[in-house]
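First comes the structure, then the notes that go with it.
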Amino acid sequence: MALLIVDKNKCRRDGICAGKCPGLIIQLPEGGFPEIKPGMDAACIECGHCVAVCPHAALSHQKIRIENSPEILEELKISMRQAEQFLRSRRSIRVYQQKPVDRNTIKRLIEVARCAPTAGNRQLVEWLVLTDASKIKKIAGLTVDWVRQIAKDPQVAAASPYLTMMLAEWDAGFDTVLRNAPVIVVASAPAEAMNGLGDVTLALSYLDLMAPAMGLGTCWAGLLHGAMLNVPSIREVVGIPANHPHHYPIMLGYSEAKYYRVPERKAPKIVFA
Ligand SMILES: Cc1cc2nc3c(=O)[nH]c(=O)nc-3n(C[C@H](O)[C@H](O)[C@H](O)COP(=O)(O)O)c2cc1C
């Protein structure tokens, strides 16, 4: 079965799809319609650029159907100022309302996050959503146990005063690891992912950026990630598939805080060469 499905009434044979195919595997035969070059089906990475770039909606693909590829709406495009404020005003949220996030909301968020780019368009990132408060507390406690171990090294303690502080706060009853977040989302990828941690990080960045648009807040859970990397049993308690060496957890919930300003950041070091 041909990979490309061409609507011959709509196709203008302008060659746009062939010119924009990243693998250059589409040809436009003399007097014919676009098609995958003979023997090149396996080289298609199913990125859907051919479907997305056709201005005449003339092209579909066996795996990327035009009916599942919504039109880009001009009226939904955001201005540069809107984009800049949106990106710069995202904050890490460390105080959450004790209010659950409903499953459909989490699913909608992940639906967007799964559209982040992946190396070779492999799309191997998987999602684990933890909402059981007692399990989240247990995982935070196991992370604290690991932090206590590494903080025994005077060099580590001296280099990271934050660790001493977070242990003291934990002992005083504050969850300084997972911040009592009602949800922990863990994105993970199997060993065969070409750029596993990169793909996971990009997917979570999409989730991180989409969350505020849905009234939600996030915070990357770096301490838990450190514990998961160093203590395999914590990975098991979290529930990461055994063949997923790439993973990162992020906290999610409704923010208790509202922010009014965009804080200053270091000036970027840029080299034009
Ligand atoms: C990879 C990564 C891991 C992080 N881990 C933690 C963490 O374990 N606990 C925490 O409170 N914040 C964590 N953060 C949040 C950073 O401290 C935060 O991004 C930084 O202070 C800038 O603040 P902003 O995100 O509000 O702009 C992490 C951020 C990143 C990118």
Note to self: For the condition buried (at least 20 other Cβ atoms within 10 Å of the Cβ) and not charged (D, E, K, R), what is the one hit in Gly222, Gly253?
What the structure shows: Gly253
Margin query: Please go through the stretch 177-212 and give me each residue that is surrounded by fewer than 24 Cβ atoms within 10 Å (Cβ to Cβ), over 11 Å from the mean Cα position of the chain (by Cα) and either without any contact (Cβ under 8 Å) to a residue 24 or more places away in the chain or closer than 17 Å to His246 by Cα (or both), ordered by number.
Written below: Ile184, Pro190, Ala191, Glu192, Ala193, Met194, Asn195, Gly196
Notebook entry, point to check: Listed residues Val200, Val156, Val144; which is within 26 Å of Asn104 (Cα to Cα) and of a type outside the set (D, E, K, R)?
Noted result: Val200
Next item on the list: Go through the residues of the stretch 26-37 one by one and say whether even a single one is part of a loop (DSSP other than H, G, I, E, B), surrounded by 12 or more Cβ atoms within 10 Å (Cβ to Cβ) and of a type in the set (Val, Ile, Thr).
Entry: no
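One residue is enough: does the stretch 199-213 have a residue meeting the conditions part of a loop (DSSP other than H, G, I, E, B) and on the phi < 0 side of the Ramachandran plot?
Going through the stretch 199-213, the residues part of a loop (DSSP other than H, G, I, E, B) turn out to be none.
Looking through the stretch 199-213, none of the residues is part of a loop (DSSP other than H, G, I, E, B) and on the phi < 0 side of the Ramachandran plot.
Hey, among Leu163, Leu124, Leu128, which residue is in a helix (DSSP H, G or I) and crowded, with 16+ Cβ neighbours inside 10 Å?
Working: Leu124 fails: in a helix (DSSP H, G or I); Leu128 fails: in a helix (DSSP H, G or I).
Being in a helix (DSSP H, G or I) and crowded, with 16+ Cβ neighbours inside 10 Å holds for just one of Leu163, Leu124, Leu128, which is Leu163.
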Check: Quick one: how many residues across the stretch 71-99 are more than 30 Å from Val51 (Cβ to Cβ) and either away from the ligand (no atom under 12 Å from the Cβ) or of a type in the set (Phe, Trp, Tyr) (or both)?
Finding: 7
Check: Here are Leu59, Leu73: which of them is touching a Cys at 6+ places or on another chain (Cβ under 6 Å) and of a type outside the set (D, E, K, R)?
Finding: Leu59
Notebook entry, point to check: From the set of residues in the stretch 100-121 that are among the small types (Gly, Ala, Ser) and in a helix (DSSP H, G or I), which is nearest to the ligand (Cβ to nearest atom)?
Noted result: Ala113
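Only one residue in Ala83, Ala168, Ala151, Ala159 is more than 28 Å from Arg265 (Cα to Cα) and without any contact (Cβ under 8 Å) to a residue 12 or more places away in the chain. Which one?
Working: Ala83 fails: more than 28 Å from Arg265 (Cα to Cα); Ala151 fails: without any contact (Cβ under 8 Å) to a residue 12 or more places away in the chain; Ala159 fails: more than 28 Å from Arg265 (Cα to Cα).
Result: Ala168 is the single residue among Ala83, Ala168, Ala151, Ala159 that is more than 28 Å from Arg265 (Cα to Cα) and without any contact (Cβ under 8 Å) to a residue 12 or more places away in the chain.
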Item checked: Filter pass, Val95 being hydrophobic (A, V, I, L, M, F, W, C), more than 28 Å from Gly120 (Cα to Cα) and in contact with a strand residue (DSSP E or B) (Cβ under 9 Å, 6 or more places away or on another chain) -> yes
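Computed from the coordinates by the stated procedures, all read-outs in this text should not be read as laboratory data. Bear in mind that the values here come from a model prediction, so they are computed numbers and not experimental data. Every residue, glycine among them, receives a Cβ derived from its backbone with ideal geometry; neighbour counts consider all protein chains shown.
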